[in-house]
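The values are calculated or read from the model by the stated rules, or taken from the named source; none is laboratory data. As the structure is a prediction and not an experimental result, all values here were calculated from the model. Here the Cβ positions follow ideal geometry from the backbone for every residue, glycine too, while neighbour counts run over all protein chains shown. To get the accessible areas, we keep the full protein, side chains included, count just its heavy atoms, and leave off ligands, DNA and RNA. Shrake-Rupley method; radii C 1.70, N 1.55, O 1.52, S 1.80 Å.
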Amino acid sequence: MATAALINPEITIVPLAGADLAGLERLFDEECAEWLDLMKWDYKGASMLIRDVARQHQLSGFVAMSGAAVIGFAYYVIEGSRCSIGDIYVSKPWRGIGLDREMAIAILDKLHRIRRLRRIESQYVGVGNDEAEALFQERGFERLERSYMLVELGADEDRGRSAESPGISIRPWRQRDFEQAARVIHRSYRGQHDSRINSQYQTVQGCAELMTILTDHFWCGDFLPDVSLVAVRSSGALAGVLIASRVASGVGHLGQISVHPAHQGRGIGRRMIESALSDLRERGYKAITLAVTSANTNALHLYESCGFRTIHTFPVFYREKR
């Protein structure tokens, strides 16, 4: 898609800290409504946390203004030598004229002046940001695509359970599984596409931080410990982990599904998914979602065979200084 020029002289890109908070609130509300409609995800909990930081003038980023109206926003978070672009969002009536690109330019130009930064990641779930996506590739970012998938749970439908895997049992999550689960996740992503996208997968500590987000925060919905599962070897060591959460009324989300490489190909992932779907169906859930890197074809085919279908695709980017 050709990049549209931003030619409206009434539109300006200004630092987020100086934005009209009431206008920003309206735009956050619009984004939440779009997430719920497009992805069946009630984003209000995470959005409220972001808004609180913005109200304290601590959120780094930029907004697009048309006169006094806020029509787009973009923000980023810096942790040590890594920066994560948290979101780029443009109001629907203003898409396609380059606002997303201009805000991305403002962020990248700002980050270019921060010498300690070694890595920039963009993993947010984008909607309609074609011009920003083109810019990232122009600026030398590596690109991968993610598929956001959904399966609807019929009231009388049950796909049954796969055959047992010798020496492996599936049981509910326990808090003491945390450390072993982080190690299983780390091993499952070693050398895989996702560890390129998200540098936290490259270390056990980073995987523990991700587990904390999945089990303690609003970012991935309300954690469901009674639905989450682990696959356990006869020795007691974990072979797999599935983390489930609630993201909207009647909608669950599988935020993490990992099987240790030594035990992949034995149907463990399928067993955990089928068990979680059956449990969520019994609890009255109507639909379940997950996200997967499209280049991870084995996982993508597994989810499709379990009834998931792609309802949204979005690109993710990363760039490291050499």
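Looking only at Ala104, Ala231, Ala17, which one moves most when the chain is put into a Gaussian network model with springs between Cα atoms under 10 Å?
Ala17
Can you give the local net charge around Arg26? Use residues other than it whose beta-carbon is closer than 15 angstrom to its beta-carbon, Lys and Arg +1, Asp and Glu -1.
-2
Just to be sure I understand: if I project the alpha-carbon convex hull of segment 104-196 onto a plane and average over all orientations, what area do I get in nm²?
Numbers: hull surface 44.6 nm².
Averaging across all directions leaves 11.2 nm² for the Cα convex hull.
What is the log10 of I(q)/I(0) for the chain, computed with the Debye formula using one identical point scatterer on each Cα and no solvent, at q = 0.14 Å⁻¹?
-1.13
Among Asp109, Asp177, Asp194, which one shows the highest mean-square fluctuation when the chain is modelled as a Gaussian network with alpha-carbon springs under 10 Å?
Looking only at Asp109, Asp177, Asp194, the biggest GNM fluctuation is shown by Asp109.
When ligands, DNA and RNA are left out and all protein chains stay put, how many square angstrom of accessible area per residue does segment 184-322 have with a 1.4 Å probe?
Ligands and nucleic acids excluded, the result is 42 Å² per residue.
Counting only the backbone N, which residues of segment 295-316 are under 19 Å from the spot 7 Å out from the Cα of Glu152 toward its beta-carbon?
The answer is 304-313.
Starting from the alpha-carbon convex hull of segment 175-322, give the projected area averaged over all orientations, in nm².
So the mean shadow area of the Cα hull is 9.4 nm².
At 222 nm, what value in deg cm²/dmol follows for the chain if DSSP H runs of at least 4 each add -39500 (n - 2.57) and the sum is divided by all its residues, to the nearest 500?
Values: 9 runs with 108 residues, N = 322.
One gets -10500 deg cm²/dmol as the mean residue ellipticity at 222 nm.
If amide H atoms are built 1.01 Å from N in the plane of the peptide, which residues on other chains or at least 5 residues away come under 5 Å of the amide H of Ser165?
Close amide H contacts, sequence-distant or interchain: none at all.
Starting from the alpha-carbon convex hull of segment 210-260, give the projected area averaged over all orientations, in nm².
Working: hull surface 14.9 nm².
Directional mean of the projected Cα hull area for segment 210-260 stands at 3.7 nm².
Can you list the GluC sites (Glu not before Pro) in segment 117-215 that are in a DSSP coil and have 16 or fewer other beta carbons within 10 angstrom?
Here the sparse-neighbourhood loop sites are Glu157, Glu164.
Pairs of lysines 8 or more apart, or on different chains, with alpha carbons under 19 Å: count those in the chain, would you?
Close lysine pairs under the 19 Å cut-off: 4.
Using a Gaussian network model on the chain with a 10 Å cutoff between Cα atoms, which of Asn296, Asn198, Asn129 fluctuates the most?
Asn296
From largest accessible area down, sort His312, His217; use a 1.4 Å probe on the protein chains.
His217, His312
At 25 °C and a viscosity of 0.890 mPa s, what translational diffusion coefficient does Stokes-Einstein give for segment 18-84, taking Rh as the Kirkwood radius over Cα pairs? Give it in µm²/s as a whole number. Please list the in-between numbers first.
Working: Rh = 12.8 Å.
The calculation lands on 191 µm²/s.
Using a 1.4 Å probe and counting only protein heavy atoms, arrange Met48, Met65, Met39 so the residue with the most accessible area comes first.
Working: Met48 85, Met65 20, Met39 0 Å².
Putting Met48, Met65, Met39 in descending order of accessible area: Met48, Met65, Met39.
Only sites in a loop by DSSP and with at most 15 other Cβ atoms within 10 Å count here; which trypsin sites (Lys or Arg not before Pro) in segment 11-113 make the cut?
Here the trypsin sites (Lys or Arg not before Pro) that fit, given the DSSP loop and packing criteria, are Arg113.
For a test of the definition: using alpha carbon positions, the gyration tensor, and the 1.5 limit on a/c, classify segment 1-114 as rounded, prolate or oblate.
Note, shape of segment 1-114 comes out rounded.
Report ³J(HN,Hα) in whole Hz for each residue of segment 72-88, in order, from the Karplus equation J = 6.51 cos²θ - 1.76 cosθ + 1.60 where θ = phi - 60°; Gly and Pro get x.
Working through the residues one at a time gives x, 8, 8, 9, 9, 10, 10, 10, x, 9, 10, 10, 10, 7, x, 5, 9 Hz.
Let me know the charge dipole size of the chain about its Cα centre in debye, to the nearest 20, where only the beta-carbon of Lys, Arg (+1) and Asp, Glu (-1) is charged.
1320 debye
Where Rh is the Kirkwood radius over the Cα pairs of segment 242-322, the temperature 20 °C and the viscosity 1.002 mPa s, what D in µm²/s does Stokes-Einstein return?
Translational diffusion coefficient: 152 µm²/s.
What are the residues whose amide H is under 5 Å from the amide H of Gly240, where those residues sit 5 or more places off or on another chain and H is modelled from the backbone?
Distant-sequence amide H within range of Gly240: Ala231, His260.
Report, largest value first, the span of the C-alpha coordinates of segment 265-312 along each principal axis, in whole Å.
33, 29, 13 Å, listed from the longest principal axis down.
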